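First the structure, in the form of structure tokens, and then the observations on it.
None of the figures in this text is laboratory data; all of them are computed from the coordinates on show. Quantities reported herein were computed from a predicted structural model and do not represent experimental measurements. Cβ sites come from the backbone with ideal geometry, for glycine too, and all protein chains shown count toward neighbours.
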Amino acid sequence: MRRGIDILTRISPGLLRNPLHLLSLGFGSGLAPFAPGTFGTLAAIPIYLLLAQLTLPYYLAIVVIAFGVGVYVCGYTSTALGVHDHSAIVWDEFVGYWITMIAVPLAWQWIVVGFVLFRVFDIVKPWPVKIADTKMKGGFGIMFDDVLAGLYALGCLQFLLYLWGQA
């Protein structure tokens, strides 16, 4: 869960002029006045629509690269703000959602189901997501709990695809 200190740490839209902050703040989606994680996940969908056109190996490679970049940029912005995992940092939601959508048919129904599943696991934070969220620090810690939430959502989504005969 994001820290209450977020309320005290206002984010200047001018921060978006720095490309590293622009990325970690989800191209500005993390500056939403409420539910920035949800807005960040929504902002990840248009990029997912582009990524979904790729073959699976390229899709996976980009997700791995996005994770690595995220470790750096999320840590960078967290340090600049002086707050670990500020709620405006939403690049982790982008990557978590893209993990959720690995090998999912490109259809609006699955995009919505993936969105809902990822948000539920990111908000509820079942074990070990909660442990990663509270114990791991730095850019890796910011990213890793969303990777785990994405993996939970991916598993559920693949199970649903199997049930519907689309896996």
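Near residue 144: Cβ cut-off under 14 Å, other residues only, Lys/Arg at +1 and Asp/Glu at -1. The net charge is -3. Put a plus charge on the Cβ of each Lys and Arg, a minus charge on the Cβ of each Asp and Glu, and nothing anywhere else: the dipole of region 12-163 about its Cα centre is then about 80 debye. Roughly how many whole Å is it from the C-alpha centroid of region 20-61 to that of region 104-167? A separation of 14 Å, based on Cα centres.
Positive end of the dipole of the chain (Cβ unit charges, origin at the Cα centre): among 101, 87, 149, the Cα lying farthest that way belongs to 87.
If one puts a single equal scatterer on every Cα of region 5-65 and applies the Debye formula without solvent, what log₁₀ I(q)/I(0) results at q = 0.27 Å⁻¹? Reported log10 I(q)/I(0), two decimals: -1.12. Between the labelled values [x] 48, 32, 26; [y] 45, 36, 27; [z] 80, 34, 30, the entry that holds Cα extents along the principal axes in Å as derived from this structure is [x]. With K and R counted +1 and D and E -1, the other residues having a Cβ less than 13 Å from that of residue 29 yield a net charge of -2.
Modelled spin-label separation between residue 17 and residue 61, with each label point placed 7 Å from Cα along the Cα-to-Cβ direction: 3.6 nm. Scanning the chain for long hydrophobic helices, with DSSP H runs required to stretch 18 angstrom or more by C-alpha along their axis and to average at least 0.0 on the Kyte-Doolittle scale, returns 36-51, 56-81, 108-124, 138-163. Normalised by the number of residues in the chain, the average gap of Cα pairs under 8 Å and 6 or more apart makes the relative contact order 27 percent.
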